[in-house]
1. Which shape class, rounded, prolate or oblate, goes with the range A:47-94 when its Cα gyration tensor gives a ≥ b ≥ c as root eigenvalues, a/c under 1.5 marks rounded, and past that a/b bigger than b/c marks prolate?
2. Dipole magnitude of the protein assembly as shown about its Cα centre, charges +1 at Lys/Arg Cβ and -1 at Asp/Glu Cβ only, in debye to the nearest 20?
3. Given H placed 1.01 Å from N in the peptide plane, which residues other than close sequence neighbours of B:VAL334 have an amide H under 5 Å from its amide H?
4. Under 29 Å Cα-Cα from A:LYS61, which lysines qualify once same-chain neighbours fewer than 8 residues away are excluded?
5. Would you mind getting me the FRET efficiency between B:SER15 and B:LYS58? Use the beta-carbon distance for r and R0 = 25 Å, nearest 0.05.
6. Apply the Karplus curve 6.51 cos²θ - 1.76 cosθ + 1.60, θ = phi - 60°, to the phi angles in the range A:116-125 and return the couplings in whole Hz, x for Gly and Pro.
7. For the range B:221-236, what does the Karplus curve 6.51 cos²θ - 1.76 cosθ + 1.60, with θ = phi - 60°, yield as ³J(HN,Hα) per residue in whole Hz, taken in order and with x for Gly and Pro?
8. Which residues' amide hydrogens lie under 5 Å from the amide hydrogen of B:ILE254, considering only partners 5 or more residues apart or on another chain, with H built in the peptide plane?
Amino acid sequence: MTPPEPARRLALAEGDENPERILSLRGITKRFGAVRALAGIDLDVHAGEVVAIVGDNGAGKSTLVKILAGVHPQDAGSITAFGTTTTIANPTDSIELGIATVFQDLALCDSLDVVSNLWLGQELTRSGALDEVAMEARSWTLLRELRARLTSVRVPVAALSGGQRQTVAIARALIGDPGIVVLDEPTAALGVSQTAEVLNLIERLRERGLGVILVSHNIADVLAVADRVVVLRLGRNNGDFLASEITSDTLIAAITGATDRSATRRPVGEDAR
Amino acid sequence: MYPSPVTGRQRTPGSQTSLREANRARLVDSLKQHGRLTQVELAGVTGLSPATVSNIVKELSASGVLTTTASSRSGRRAVEVALARQLGLVAGLHFSSRHLRIAISDVGRAVVAENHVPLAFDHRHDRELDRAALLLGDMLDSVGASLDDVLAVGIALPVPIDQSTGMISAPGLMRGWEGVPIAEDFEQRVQRPAIVDSDANAGALAEHRQGAARDVSSAAYVRAGHTIGAGLILDGRVFHGTRGKAGQIGHVTIDENGPICRCGSRGCLDTLAGGPALMELFRGDPRMQRLRDLLAQADAGDASCRRVIADAGRHIGIALANLCNIVDPELVVVGGELAQAGETLLAPMRHALERSALAGAAGVPDIVQGALESRAELLGCLSLAIDSIGVGDGIRFPAVAG
């Protein structure tokens, strides 16, 4: 198909100052002793956009997530979030920047119920005592907005299905009203129904105008919900694709290194000038 | 099932009756989503007070919409509520370009469970049918039924289907599903009878049975979304043509020298007004990645988005005028994702139709928005399934007929 001349509205109108871009990483490098985990990674996330990060084992996905979450700072490179260049030295910095991370192990307290898990460490209080009523009410409001398939918020998290636990973990990330949600392998080890539940949830995060970074191994899930797919290979960018324009075959070629970045890298956004 | 970006969340108007009506709908929706729930859980999920839930449950079980069973939760007595169903169940699967929608209903078309999953652009039949079979099993489980209770499954795809072979009748349109007897394939997975049709035909059937085209005997249902197609209702029946390709207006030539289409032709309506073609105009704009973004921006008043939708409407209108000149329907119903744009799409379509279609004394056919919105095709799948077992509209029980 020969496309007509595209109307690059943003590139023309706004140049580098793109207010929709809420997170921008440039040249992120990280070493662990002799191992170079990341070597000059670039990543952009816009509001209301789902960016998937895919790559083989050891490609640097988890390291990148940990840098965003403030687990360990990068050795070189810059992070610009919501228009200001900052450093993320610890998890508190990350949360204050508006980045909420949901790790693969979810970090839920199995013996506590849904409400306690959602508000853990940020409990609402009323004249010195826990305000259980307000917390429960606000939990229900949030879960209903996400159309979560939960039937009770007073059951211990241990009693929930994998998809429901993932939902609770994502809902907890939303309590602090973040601008960016990082999901690390949210559909790993889930059944078909639970995967559907999580994919729908990601769509809803997008509708709320959040930037979503989705780290996943599952190509089909990635292509179902992502707007853009960033491929990492051996700690480097190996392609930045629009999800609507690639096939799983192209993506796998980029992940395995069958195609090189020089051939597959497609410019996106204002880089397209 | 998600609230559409254009209409958004429905507000509850003030009056007592409409409030009660809205509460009832909310409760029934929750049951469709979760299957069986106790009254206490219903109160939590709907946000209604336990007393209100109890009242509505009483009222709706008296009228036969709900059934209640004694049960227990955490050792306490509880009343479990479910949507009532009769006779047997049917299932509907609508695979659109980006979504799989599934519903289970009884043969009276009362939907008891509904779900949807986003799909990748180039989804393939093996993976998606596997997934659909598993999802269907899980959903049946949630309403306390099993695959044995399913009498038939109706499947809709956004491509023409040859009814004699059950395969896609034109190559290139949906590569991952070509050359596969889809109904047979799914039958093998679930061991239940299945029937396949194009989603435009399914949507047409639903709009004719229970939607905007209920009172007419001939109508055209135009489905405008990622792809464009039409389903024809002639004399009260869906018209398939010889190979199921009737009504494929997405591949009507609009521009002889236009871009090359998936079907191998040039300048098809799909290449000018289909979803990917519209989004191509916004390449490089991170806010505009999906059809839903285009609709939301147009709804928010963005001039260029409205213009793009209006142009799509004009192009569809030209193809539609040709269709109207040939089959002369009484009414045109517009559905699919783009129809959510309402008059932004319909007004230019009407204008193009008036310009190019033969006008009689009664003028050109009316163009209206579909009444069933994004669920038309899914409900059509259910109707397909119900029809295939012979207990559809009108009394056509096999025993009586034979």
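1. Values: a/c = 1.94, a/b = 1.22, b/c = 1.58.
Note, shape of the range A:47-94 comes out oblate.
2. On the way: 67 positive and 78 negative charges, 135 e Å.
The calculation lands at about 640 debye.
3. Placed amide hydrogens put B:VAL222, B:VAL368, B:GLN369, B:GLY370 under 5 Å from B:VAL334.
4. A:LYS30
5. Details: r = 22 Å, r/R0 = 0.87.
For B:SER15 and B:LYS58, the calculated efficiency is 0.70.
6. Using θ = phi - 60°, the values come out as 4, 5, 4, 9, 4, x, 9, 4, 7, 10 Hz.
7. So the Karplus estimates, Gly and Pro as x, are 9, 9, 9, 10, x, 5, 10, 10, x, 9, x, 10, 9, 10, 6, x Hz.
8. It is B:CYS268, B:LEU269, by chain and number.
Coordinate-derived values only; no laboratory data. The shown structure was predicted, so the numbers you read here are calculated from the model rather than taken from an experiment. Note: ideal-geometry Cβ built from the backbone for every residue, glycine included; neighbour counts use all protein chains shown.
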